[in-house]
Every structure is written in structure tokens, then in C-alpha cells.
Amino acid sequence: MRRALGPIAVLLLLAGLDVALPRLINPYLFQIVVLCGINVILAVSLNLVNGFTGQFSIGHAGFMAVGAYGSAMFSLHVGQKWADALAAAHLPGAIATGLPLLAALLLGGLLAAAAGWLVGLPSLRLRGDYLAIVTLGFGEIIRVIITNVNAVGAARGLPGIPGWVDFFWVGLGVVAVIVVAVNLAHSTHGRALFAIRDDEVAAEALGVDTTRYKVLAFVYGAFFAGVAGGLFAHYLSYLNPNSFTFLKSIEVIAMVVLGGLGSISGSVLAAIILTLLPEVLRPVKDYRMVLYSLMLIVLMITRPGGLLGNRELRLPWRKRQTASGTGLA
Amino acid sequence: MTAPADAPLLQLDDVTMQFGGLKAVSGLSLTLGRGELVGLIGPNGAGKTTVFNLITGVYAPSAGRIVFEGKPINGKKPHAIARGGITRTFQNIRLFSSLSCRDNVAIAGHAHSRAGLTDALLRTRRFAEDERELQSLSSAMLERLGLTRFADTRATELPYGQQRRLEIARALAGRPRLLLLDEPAAGLNPQESEDLMRIIQELRTQLELTILLIEHDMRVVMGICGRIAVLDYGVKIAEGSPERIRRDPRVIEAYLGEEVPTAPPS
Amino acid sequence: MSTFLQQLVNGITWGSVYALIALGYTMVYGILRLINFAHGDVYMLGAFVGLYTATWLRAGENPSLGHAAVVLLAAMLACGAIGIVIERAAYKPVRHSSRLSALITAIGVSLFLENGGVLLFGPDPRFFPQIVAAKIIPLGGGVTISNQQIIILGVSLALMFALRFIVLHTRVGKAMQAVSYSHTAASLMGISVDRIITFTFMLGSMLAAAAGVLVALQNPKIEPYMGVLPGLKAFVAAVLGGIGNIPGAVIGGLVMGVAEVLVTGYVSPTYRDAIAFVLLIVILLVRPAGILGKSQAEKV
């Protein structure tokens, strides 16, 4: 019972913010908060692969797309009916939409995880750069397929997705991915991932099944990317394949690298910064991408470790008894 | 089904390793009995590390069989072999650079941990017990090698000699029955080598280990090995007690032009 | 049958263009183990430099081979210089960082060139003037070839032979080979690794620029993002042939060109771009070293 206190407190906090936020800030800012949340999920999930395990995955947008379109199709054809039925049974609105949304998000995540497994299993034995290219190729193939399949709207896009996502759900997703990442990092499984990143040969020689763990990181990363995609779809109510280009993958990579590969709090921070940046640079909109690309170059030259390297922000009330896995925070 | 008590722990039967046109190891037969401390020596490039790589599964032999505790292990993956009781250190130190000493050692215990991923994510009781066990295993190994004060230091910040010891502590945490040490004394000064010799002998008796040792430092080899096998160009040219090997003309010839083996006064 | 032969002609023409671009990728990878994402954008810059040169020469009003040659040369020289600048400014500082850092730097340079191009040239497509009078030459059996295609084939072939000569028969070329085996060993032999790397970038960029001009002869619409897809496809071609392997890049390029044209002709034009990625996945799963590549094991 005591153990359930933490999660319950978090849920209450999210519900509270969900009610309070729309009253405190205007819709424009609210949209930014939601996008920040989605990007945090994307960044932390990519960090599991690129940061924790040291693999080169550069097609994350592909997994996001799988989750987005998968969950959207579910909602359009099945979920909406559930919502209607639940509403007709006089259940409160939050549950009538919440249940089908949860199902849609989980489905999207699982589809993306399956894609991660299919892509990861054969390619994770390839050398670093080659894996990068395969993941890049995967991302592009997904986009090309979506653009050419009429059932999901092809190039015109997919409209009419029920807009069930509010702050609570985005917040839940963020909390979930961070909890998974932190718990993973401070466990023997997380240490195994770091070991693979530092020296795969030695890790294997000491009993770590490196292929299994690399695929695992990949699958978990893909799952959360899919969830992020689902949240995205059910917030905008509209999907277009142009949201899932290689550029989107690069944006997520930029977040992970800016924050520091391997640092969870770094990914969170950088995701927020890089979501706010385009808004801040709106006055110089035309120069935005040029500045963005220069930032990437300068960052790699001057501070490749990113903001936090592979350390975490020190939280003053956390006293760690066991040794941490993400460096020595 | 385990092998009978007096059966060899490790057996290499006519093992050959061919890379394209090069035979790195050729027709090697070698047996290790339980509890032995055997040395593997030979000039540079003789194929010694290749033998280690064959035993630990990094390479699958082109020909021949490798049998451990009565069961063949050729073609098994390295992590399975490690889990099965054979761990090693490396010629060029391969520590996990971003991890502390404690975590470096704990990795080796991973193979024997019982808590699965879901346990870790949900922070179950089984996970907590498992973590505690891993940490105490790690502390115990660090203490054995005299590294307790470095437990929370990043592995790569250690002085060179201590890094070599850390590799040993790490290999031990894998609970091996056979320990392969690849040039553990490389780069150590005479005092450090003395300490290392003592530690290896203590570990062997205290942990009931069988040890196969590659080394160039002849004082260490002659000092602690019960038996020595000599490799040259991938072929075993001699095998026997340290006294026999020291006097063997083929061995001396193989080393001609390199350091002639210097042995402690007997 | 004549359609097939026609496709072949078209395919080989496209293939030579891919080969020119692929050569740049493969040389840089061979020497630095870096995937130069920005390479496709150098191809784009070549087309634009060609455009400005052609406009300045008023070549559109007086189409001639001479004008074409000047345009080609100008593009090659300008982009050779750009390649040197990119290498010195962006890649040299990260040469000893992690591979992921270098990859991200390359992505950053690519984005910079593309978006800088949008700022400089405007986002709307521009039209390359016709600097060579168009003629169709029948080859018999219903197969034709345009003189633009002949120029593309001829120039590509000449450039490839020139590259081959440089790499195999000059001191610089041998130094390039040495550096691609080992930086340390090469520098111990007295080779200035820095200079060779810069030289390699310059050569690769010149070839990409030439490809840009050649393509513009046939497909006059050019815009700042035109290098993205061809760059990606040429990279796949380089991997197909064995990344780091120069003859492999040529073979890979030709295979890519022919495969693309055949798929467009016999299957469906919508899948033209997907072919590259399918080929990529297949080659990486079946034979990652590529057609002519050798797999390299890591020393334990």
C-alpha cells in the first residue's frame, strides 16, 4: 500500500495540472507545453538507444510515424465506437475518452516496438555507421509507404482523429518514459547497456548478451516513440507524412546530443529548450534553420558532450545508496 | 551431468584457427586439470591471445574441439561461455570507461542475476535483493584485490597498476571456474609484479580456481606456474614444468633475438 | 526489347551521375570513416554555380560546347574550394571526436547548405538555361540517345578515368591510398595526412559539382533541396559497391541507375525513390561489405 503512494500522488498532480493549466495560460502557450512533452518523450526514448547503449539510430521519426498512424487508425475505426458506447453508458467524459485513448496509445507503442524489433534484430550486428544508415532508410521507407497508401490518407494527410489528448495524458507519457529510463539506468540491466556502449567486446566476454540488450534498448526506444506519435496524433487531430521526415529524426537527435548522450535530465532539458527555440526565433523565422544547423555544428566542435555530458542534474533530496549507472551523479 | 573429479577441466583437441591464408593457431592440443595454474608463453604474435579468443568464443575454431567440464564449447557465443564459468582479462585493458570501479565489477555479476527487466522497472522486492547481492559481490571482489578505496572512482581514473587489478576483480565477479589472464603483469614494476604473483596464488587457493596465464614477464611465469606450454607461430613447441622449459633448446631458439627467458635463481 | 535497351541507355546515363557522386562519398569514407551527409548538397551547389556562370556567359542565348565546358569547369573549381572550406571549418575540428559527433556535424553542414541555399537562391526552383543545343540521335532498333546523354556519359567517363589515374599513378593518389589504410602509418612515412584529407574532399566535391551541372543539362529545374535524394541514393550506391572502394562506387552507381530506371519503367514511378532504400536494406542484411568490399574484423 505504501508503495502505491508515489504513483497515486503523481497521478493526482497530473490531474490537478490538467484542470489548472488551461485556466492559467493561453492556448498558444498550452500547445507549446504539449509539444514540449511530446518531444521530451521522443528525446528520452532515443537516449535509451543512442545514449545508454551507444548505438547510432537516426530514424526515430519512423517509429513515431508508426505509432501515430497506428493509433490514429485504431481510434478512427474502433476507438471512437468505444468512446460513444461508454458515453452512452453515462460514464464520465474523462473515462469515456480516456479508455479508448489508452488503448490507442498502447497499440501505437506496441506497433512501433514491433517495428523496432524487426529493424533492430538483423541490423544490430552491423557496425555503427551501417546501423545509422539502416535506421535512416527505415525512417524514409515508412514515410514513403505512408505517402503512398490511400487508406491512411497518403500525401493528403489523415484528418478527423479524435482529439482526446490533454495535459494529463502527455504528462503521463512523460512520467512513464522518465521512470522507465531512471529505473533502467539504476539497475543491472542499465549497467549492461552502459557496458555495451563503453566496450561491447568486454561486455560480451563478461556474460552480457549484447545482441539481446541492444535489441531491447531499440524496442523500448521505439515503443515510447510510438506513444509519442499517438499523443501527437490525438492532440493535433490531423496527421501528415511531412511531420515524420528525416528532419524530424534529426531534431530528436539534436535534443539528445544537446542534452548529453546518456543523461536523462539532459534530454528533458534539451527537449524543452529546442521546442521553445523555434518559437523564440520566430521573428527571424527565415534564418531559423540556418541558425539551427550552425548550432549543431558549433556544439559538436566545442562541446560534444552536450549540456550535461553523461551526468544527471543533482536532485538535492535524492540520496543514492547504490551506485548509479549513468556516470557518477 | 558433470565431468568426473579427475577429468580435465579444459581440453583443446587439435585446435586450428585460420584467418584467410594465415594459421594463427595450428593443431593445438592442451589440457588443464582442475586447480592447475598453467602458463602460456611464446614470442609476440605466437597466437597466445588467439587461443584465449578461441576458448572464450570470440572466434570459432576452424578445426578441432574445445571441451570444458566435459561439454564441447566451440561455436558458443562469448556471453554463454562466460556464464558457463570461463572469464578473462584483456591484453589491452578493456574497462568500462564511464562506470565506477564498483559498477565495472558488478557487470560481471549480471549474468548470474535473477531479477528480470520487469522487476527492475517495477522495483520489486526481488530486484532490491538482487541489487544488494550484486553490490556485496562487487564490494567483496574489490576488497580481495585491495581496491575498496577506489570503489566509487571512475575506472579510467585509476593508476595503471590498479586498473589491471580491477580487470581481475571484474573477471572474478563472474564466478568463473576457469580464469584466463592475458598479460596481467604487463607494465607493472617489480614490486607490483611481486604483489600480483601473491594475489594470483591466493585467489587460486581461496576461490578454487583454475588459471591459464599468458605472460611475458618470466619471473612471474616461472614463479607461479605449475606447468608451462610454449607457442611459436601458432604451434605448441614445448610443454612441461618451469625447470624443463627453461632448459628446452627449442624454447630458447624461439626467443632468440628477443628477451632470453630469465628465471629466478632456483 | 527496344524499350528495354532504351531503359538501359537511360539507366546507364543516370548511373554515371550517381557514380560521380558516389565516388565522393566513398573516398571520404575510405579516408575518414565519415559519412559526409553534406556531399549531396555540394552537388546542388555545383548546379547553382553552373547556373550563375551560364547566365553570366549568356550561354543560353549561344548554346555551345565551349560554353558548357566553361560552366562545368567553373562549377568544379568553385565547389572544390567549397569542399576545402567545409573540411577545414567543420570536419577537421571533430576529426578526433566520437563518430556520432562527426555524423551530427555532417548533418549540420548539410542542413546549413540547404537552408543557406534557400536564403541565397530563394526557395523557388530556378531554370538552368539550355547551354547545349538538344539533339536526338537514333541508335537503331528504336533506341535513341540525346546529345545531353552523350555528354553526361562522356564527361563522367573522362572524370572517372582521370580519378583512376590520379589514385593509381600519382604520388598524391598513392598517399591517399596510404592514408585510407592508416593515418598513423601514413604520417610516419612523411605524408601530411591533413593535406591529403583536404585534397580528397576537394576531389570529391569537384566530381559532385560536375554531376550537378551534367544533371542540370538534362533536367533544368534546380532548387536548394535537389541534392537530398540524389545524395542519399548515391550514398546507397557507394555502400552497394563497397564503401571505401573506388571501383565499387562506380559499379554501385551504375546498378542504382539501372535499377531505378527499370523499376520506374516496369513497376511504377511512385516507387522510384523507395528502390534505393530497399537495395540498401538488402545489401546491409545480405552482404554489408558491399559487392567489392572486404569485411574488417575488430582485433580483440
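The values are calculated or read from the model by the stated rules, or taken from the named source; none is laboratory data. Model, not experiment: these values are computed from the prediction. All Cβ positions, even for glycine, are placed from backbone atoms using ideal geometry, and neighbour counts span all protein chains on display.
The table below gives the values:
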| read-out | value |
| --- | --- |
| Conditions (1) facing chain A (nearest Cβ under 8 Å); (2) of a type in the set (Lys, Arg); (3) in a helix (DSSP H, G or I); number of the one not met by B:Arg126 | (1) |
| Residue, farthest from the other protein chains (Cβ to nearest Cβ), within region A:135-157, restricted to residues that are crowded, with 20+ Cβ neighbours inside 10 Å and farther than 23 Å from A:Tyr235 by Cβ | A:Thr135 |
| Scope region A:158-202; condition among the small types (Gly, Ala, Ser), more than 15 Å from A:Leu216 (Cα to Cα) and more than 7 Å from chain B (Cβ to nearest Cβ); matching residues | A:Gly160, A:Gly163, A:Gly171, A:Gly173, A:Ala176 |
| Lone qualifier among A:Val208, A:Val201, A:Val227, A:Val177 - being within 30 Å of B:Leu180 (Cβ to Cβ), buried (at least 23 other Cβ atoms within 10 Å of the Cβ) and of a type in the set (Val, Ile, Thr) | A:Val208 |
| Filtered residues of region A:203-222 (kept if among the charged types (D, E, K, R) and more than 7 Å from chain B (Cβ to nearest Cβ)) | A:Arg212, A:Lys214 |
| Count - residues of region B:26-68 that are in contact with a helix residue (DSSP H, G or I) (Cβ under 7 Å, 6 or more places away or on another chain) and within 14 Å of chain C (Cβ to nearest Cβ) | 4 |
| Failed criterion for B:Asn74 (all others in (1) within 17 Å of the chain's Cα centre (by Cα); (2) over 17 Å from B:Leu212 (Cα atoms); (3) assigned to a loop (DSSP other than H, G, I, E, B) hold) | (1) |
| So A:Leu291, is it farther than 21 Å from A:Phe138 by Cβ, within 13 Å of chain C (Cβ to nearest Cβ), surrounded by fewer than 24 Cβ atoms within 10 Å (Cβ to Cβ) and modelled with pLDDT under 90 | yes |
| Filter result for B:Ser136 (farther than 24 Å from A:Thr210 by Cβ and hydroxyl-bearing (Ser, Thr, Tyr)) | yes |
| Test for A:Ile273: is it more than 14 Å from chain C (Cβ to nearest Cβ) and part of a helix (DSSP H, G or I) | yes |
| Residue tally, condition surrounded by 16 or more Cβ atoms within 10 Å (Cβ to Cβ) and of a type in the set (D, E, K, R), over region C:115-172 | 1 |
| Among the candidates A:Ala61, A:Ala15, A:Ala65, residue that is of a type in the set (Gly, Ala, Ser), assigned to a helix (DSSP H, G or I) and either touching a Leu at 6+ places or on another chain (Cβ under 7 Å) or surrounded by fewer than 23 Cβ atoms within 10 Å (Cβ to Cβ) (or both) | A:Ala15 |
| Test result for A:Ala132, in a helix (DSSP H, G or I), in contact (Cβ under 8 Å) with a residue 12 or more places away in the chain, within 12 Å of chain B (Cβ to nearest Cβ) and among the aliphatic types (A, V, I, L, M) | no |
| All positions within region C:223-236 that are crowded, with 24+ Cβ neighbours inside 10 Å and closer than 16 Å to C:Asn115 by Cβ | C:Pro224, C:Gly227, C:Gly231 |
| Filter pass, C:Ala237 being among the aliphatic types (A, V, I, L, M), part of a helix (DSSP H, G or I) and either over 12 Å from C:Ile21 (Cβ atoms) or more than 14 Å from chain A (Cβ to nearest Cβ) (or both) | no |
| Residues that are more than 7 Å from chain A (Cβ to nearest Cβ), in a helix (DSSP H, G or I) and more than 20 Å from the chain's Cα centre (by Cα), drawn from region B:93-123 | B:Thr118, B:Asp119, B:Leu122 |
| Region B:101-138 - residue that is hydroxyl-bearing (Ser, Thr, Tyr) and touching a helix residue (DSSP H, G or I) at 6+ places or on another chain (Cβ under 7 Å) and, of those, surrounded by the fewest Cβ atoms within 10 Å (Cβ to Cβ) | B:Ser113 |
| Subset of region C:267-277 (residues that are of a type in the set (A, V, I, L, M, F, W, C) and either in contact with a Ser or Thr (Cβ under 9 Å, 6 or more places away or on another chain) or surrounded by fewer than 16 Cβ atoms within 10 Å (Cβ to Cβ) (or both)) | C:Val267, C:Ile275 |
| Cross-chain or 6+ apart pairs with Cβ under 7 Å, region A:280-292 first and within 19 Å of C:Leu113 (Cα to Cα), then of a type outside the set (A, V, I, L, M, F, W, C) | A:Arg288/A:Pro278; A:Met289/C:Asn115; A:Val290/C:Asn115; A:Val290/C:Gly116 |
| Residues of region B:77-92 classified as more than 9 Å from chain A (Cβ to nearest Cβ), assigned to a loop (DSSP other than H, G, I, E, B) and in contact (Cβ under 8 Å) with a residue 40 or more places away in the chain, total | 3 |
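Listed here are the residues, each with its yes/no results for (1) away from every other protein chain (no Cβ under 14 Å); (2) touching a residue at least 12 places away in the same chain (Cβ under 8 Å); (3) assigned to a loop (DSSP other than H, G, I, E, B); (4) under 26 Å from C:Gln130 (Cβ atoms).
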site: C:Arg195; (1), (2), (3), (4): yes, no, no, no
site: C:Ala211; (1), (2), (3), (4): yes, yes, no, yes
site: C:Leu279; (1), (2), (3), (4): no, yes, no, no
site: C:Ile283; (1), (2), (3), (4): no, yes, no, no
site: C:Ala289; (1), (2), (3), (4): no, yes, yes, no
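Okay, residues lined up against (1) touching a Ser or Thr at 6+ places or on another chain (Cβ under 9 Å); (2) not aromatic (Phe, Trp, Tyr):
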{"position": "B:Leu22", "(1), (2)": "no, yes"}
{"position": "B:Leu28", "(1), (2)": "yes, yes"}
{"position": "B:Gly39", "(1), (2)": "no, yes"}
{"position": "B:Tyr59", "(1), (2)": "yes, no"}
{"position": "B:Ala63", "(1), (2)": "yes, yes"}
